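Asker: The structure under discussion is supplied below as structure tokens; questions concerning it will follow.
The values are calculated or read from the model by the stated rules, or taken from the named source; none is laboratory data. Being a predicted model, the structure only gives us computed values, none of them experimental. Cβ sites come from the backbone with ideal geometry, for glycine too, and all protein chains shown count toward neighbours. When the accessible area is computed, the model is the full protein with side chains, heavy atoms only, and any ligands, DNA or RNA have been set aside. Shrake-Rupley method; radii C 1.70, N 1.55, O 1.52, S 1.80 Å.
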Amino acid sequence: MPCDEPSNRQSLNTGLRLNHTTPAPTLVGCGRACKLLQTTKGSTAASTSLPGKLNPFYARFEASNTEACMRASAVLDDCVITLSVADVSQTFKQVNIHKAAGSDRLPGRVLRACADQLAGVFTYIFNMSLIESVIPTCFKQTTIVPVPKNTKATCLNDYRPVALTSVAMKCFERLGMAHINTIIPETLDPLQFAYRPNGSTDDAISIALHTALSHLDKRNTYVRMLFIDYSSAFNTIVPSKLITKLRILGLNTSLCNWIMDFLTGRPQVVRVCSNTSATLILNTGAPQGCMLSPLLYSLFTNNCMARHDSNTIIKFADDTTVVGLITDNDETACREEVRDLAGWCQNNNVSLNVTKTKEMIVDYRKRSTEHAPILIDGAVVEQVESFKLLGVHINNKLEWSKHTKTVMKRARQSLFPLRKLKRFGMGPEILKRFYNCNIKSILTGCITAWYGNCLVSDHKALQRVVRTAQYITGEKLPAIQDLYTRRCQRKALKIVKDPSHPSHRLFSLLPHGKW
């Protein structure tokens, strides 16, 4: 939908306007993406028309947005954020110089090296943007580099959009996000484990498992776990609906108008090798690759919570799991929860992909009967025996053999380059560093959620991988059991110190007053 823009937009964009017909800069990683695309399509001729097809496809959610993008009238006594030169300089010095530049062609290396010299100019631009609630168009320009999800891309949906945005704008967003975090209340959904200081995939999986297992200890019970899949969740956010929710959370008019301008009037192009599509102006969704988008999505979905006490909705970004606790075969609350969730998606323009949504039923009863499927908008949700949740394979018996086999297979594959490095004469320190970065990270992914319930045979098999790596590196490596113990202790200490964590209530003081 077209947006009503104030006249002061032109004053702020003067001297900063981006010519969208100018070829995009050389992008880090574009060479590899181009080779993948050429291999996938078979020739470079196909990549000429691909950008023109992909850009409308990525912008397809514009059609479903029928809301007008109206800015609220300015309030005289609104408290406007004022950034200091020191804050801007410090943010520039923290820029990752290995990240690709956006369409403004301003590399992070320059911002970091000349932070003190550039901070004054950008502080003025940032503060003017906050005062007028307008963001320069060149800061909002997005260049999308599509990367094939697999070697055989057969349709447009097989290309993952990698968005490149202005590095300077990312710094601006980081400063704005720090201020927003001081305003929003502490009563946000505690079961959204992404984008929070003490949240992780381990926590999301552990809470889901603890909720299910605690219920299964009771008589005549079972659990229905529904794994929701959204279609391009970030791209479906309607700015006007988000702004309404932000006002309820306490953000003032000036800041809400600034966020509205951030989300609307965004030029977008798709680039494949040297071919660039025509520019489209987007007024729907939060641009992926930006610092502010994850926080905005989290606030947008904050009111998507369970209505019934017997159900739990656990979220990690857009990965949503509905855990329905069933007693005496009464599924009324569970099915109502699913209907309410589908209604929430419809009211908030969130596209629920029923085809990729799966359900897993955990039923330990000896005389369990066949369970009727869940329906979403009249479509049957497929029931599966196992599901990969946040990188961890979970089955309907809550056993971990499949996951440990997957982990061992991936870890063993990484032993081959480790052996190659040793043959090339690399020293023990480099070999150990490669082990820590690749093999160890594979073995310990979400380890606090699954390792404790593994079979002894699985423990031994995982330790054999560690011993093989130890033989190759020639260095002493910590046992997998020791890594698990240390991770659990560290995780428990963080939870104890955080009263807002959902698992905090599971810890209680000992008689002498210690945890």
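For every residue, the table says whether it meets (1) modelled with pLDDT of 95 or more; (2) out of contact with any Ser or Thr (no Cβ under 9 Å at 6 or more places or on another chain); (3) among the polar types (S, T, N, Q).
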position: Pro417; (1), (2), (3): no, yes, no
position: Ala449; (1), (2), (3): no, no, no
position: Val456; (1), (2), (3): no, yes, no
position: Tyr471; (1), (2), (3): no, yes, no
position: Gln489; (1), (2), (3): no, yes, yes
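Asker: Determine which single condition Thr312 fails, assuming it passes every other condition in (1) under 26 Å from Arg160 (Cα atoms); (2) in contact with a helix residue (DSSP H, G or I) (Cβ under 9 Å, 6 or more places away or on another chain); (3) open to solvent by 10 Å² or more (accessible area, probe 1.4 Å).
Answerer: For Thr312, the exception is condition (1).
Asker: Does segment 82-111 hold any residues that are in contact with a Cys (Cβ under 7 Å, 6 or more places away or on another chain) and basic (Lys, Arg), and which are they?
Answerer: Passing the criteria: none in range.
Asker: Okay, moving on. Out of (1) under 16 Å from Thr221 (Cα atoms); (2) in contact with a strand residue (DSSP E or B) (Cβ under 8 Å, 6 or more places away or on another chain); (3) at pLDDT 90 or above, what's the single condition that is false for Phe316?
Answerer: Of (1) under 16 Å from Thr221 (Cα atoms); (2) in contact with a strand residue (DSSP E or B) (Cβ under 8 Å, 6 or more places away or on another chain); (3) at pLDDT 90 or above, only one is false for Phe316: (1).
Asker: Name the residues in segment 194-209 that are among the hydrophobic types (A, V, I, L, M, F, W, C) and touching a Phe, Trp or Tyr at 6+ places or on another chain (Cβ under 9 Å), would you?
Answerer: Passing the criteria: Ala194, Ala204, Ile205, Ile207, Leu209.
Asker: Say whether the condition of being of a type outside the set (Gly, Ala, Ser), surrounded by fewer than 21 Cβ atoms within 10 Å (Cβ to Cβ) and within 30 Å of Cys488 (Cα to Cα) is met by at least one residue in segment 160-181.
Answerer: yes
Asker: I'd like to verify a number: residues in segment 323-345 that are under 30 Å from Ile237 (Cβ atoms) and either open to solvent by 40 Å² or more (accessible area, probe 1.4 Å) or among the β-branched types (Val, Ile, Thr) (or both), how many?
Answerer: 6
Asker: Quick one: Arg196 ticks every box in (1) modelled with pLDDT of 85 or more; (2) crowded, with 16+ Cβ neighbours inside 10 Å bar one, so which box is it?
Answerer: All conditions pass for Arg196, except number (1).
Asker: Still on this structure, please answer the following. Based on what the data block shows, is Asp482 in a helix (DSSP H, G or I), open to solvent by less than 30 Å² (accessible area, probe 1.4 Å) and of a type in the set (Asp, Glu)?
Answerer: no
Asker: If you go through segment 406-428, how many residues are open to solvent by 40 Å² or more (accessible area, probe 1.4 Å) and without any contact (Cβ under 8 Å) to a residue 12 or more places away in the chain?
Answerer: Total satisfying the criteria: 8.
Asker: Is segment 103-125 home to any residue that is without any contact (Cβ under 8 Å) to a residue 60 or more places away in the chain, buried (at least 19 other Cβ atoms within 10 Å of the Cβ) and under 15 Å from Gly176 (Cα atoms)?
Answerer: Yes, that holds for at least one residue.
Asker: Continuing with the same structure: Being more than 21 Å from Ala492 (Cβ to Cβ) and crowded, with 19+ Cβ neighbours inside 10 Å is the filter here, so list the residues in segment 443-462 that pass it.
Answerer: Once the filter is applied, which keeps residues that are more than 21 Å from Ala492 (Cβ to Cβ) and crowded, with 19+ Cβ neighbours inside 10 Å, segment 443-462 yields Asp458, Leu462.
Asker: Among (1) in contact with a helix residue (DSSP H, G or I) (Cβ under 9 Å, 6 or more places away or on another chain); (2) buried (at least 19 other Cβ atoms within 10 Å of the Cβ), which single condition is Asn348 missing?
Answerer: Of everything listed in (1) in contact with a helix residue (DSSP H, G or I) (Cβ under 9 Å, 6 or more places away or on another chain); (2) buried (at least 19 other Cβ atoms within 10 Å of the Cβ), Asn348 misses just condition (2).
Asker: Also, I was wondering about something else. Restricting the search to segment 253-272, which residues are open to solvent by 20 Å² or more (accessible area, probe 1.4 Å) and touching a strand residue (DSSP E or B) at 6+ places or on another chain (Cβ under 8 Å)?
Answerer: Passing the criteria: only Arg271.
Asker: For the condition on the phi > 0 side of the Ramachandran plot, open to solvent by less than 10 Å² (accessible area, probe 1.4 Å) and modelled with pLDDT under 90, what is the one hit in Gly250, Gly285?
Answerer: Within the list Gly250, Gly285, the selection yields Gly285.
Asker: Within the set of pairs 6+ apart or on separate chains, which have a first residue in segment 439-450 that is on the phi < 0 side of the Ramachandran plot, a second that is open to solvent by less than 20 Å² (accessible area, probe 1.4 Å) and assigned to a loop (DSSP other than H, G, I, E, B), and C-beta atoms under 9 Å apart?
Answerer: Listed pairs, sorted by first residue: Lys440/Leu477; Trp450/Trp400.
Asker: For segment 125-157, what are the residues that are over 17 Å from Asp104 (Cβ atoms), modelled with pLDDT of 85 or more and not hydrophobic (A, V, I, L, M, F, W, C)?
Answerer: Across segment 125-157, the qualifying residues are Asn127, Glu132, Ser133, Pro146, Pro148.
Asker: Also, I was wondering about something else. Tell me, please, whether a residue that is more than 28 Å from Lys432 (Cα to Cα), in a helix (DSSP H, G or I) and open to solvent by 90 Å² or more (accessible area, probe 1.4 Å) can be found in segment 495-507.
Answerer: yes
Asker: A further question on this structure: Can you pull out the residues in segment 70-102 that are open to solvent by less than 30 Å² (accessible area, probe 1.4 Å), within 26 Å of the chain's Cα centre (by Cα) and modelled with pLDDT under 90?
Answerer: Ala100, Ala101, Gly102
Asker: For segment 115-226, which helices (runs of 4 or more DSSP H) that fit wholly inside it have 2 or more residues that are of a type in the set (S, T, N, Q)?
Answerer: 115-132, 167-183, 201-216
Asker: Mind checking which residues of segment 454-479 are of a type outside the set (A, V, I, L, M) and not in a helix (DSSP H, G or I)?
Answerer: Once the filter is applied, which keeps residues that are of a type outside the set (A, V, I, L, M) and not in a helix (DSSP H, G or I), segment 454-479 yields Cys454, Gly474, Glu475, Lys476, Pro478.
Asker: Is it true that some residue in segment 443-453 is farther than 26 Å from Phe193 by Cβ and over 23 Å from the mean Cα position of the chain (by Cα)?
Answerer: Scanning segment 443-453, I find no residue that is farther than 26 Å from Phe193 by Cβ and over 23 Å from the mean Cα position of the chain (by Cα), so the answer is no.
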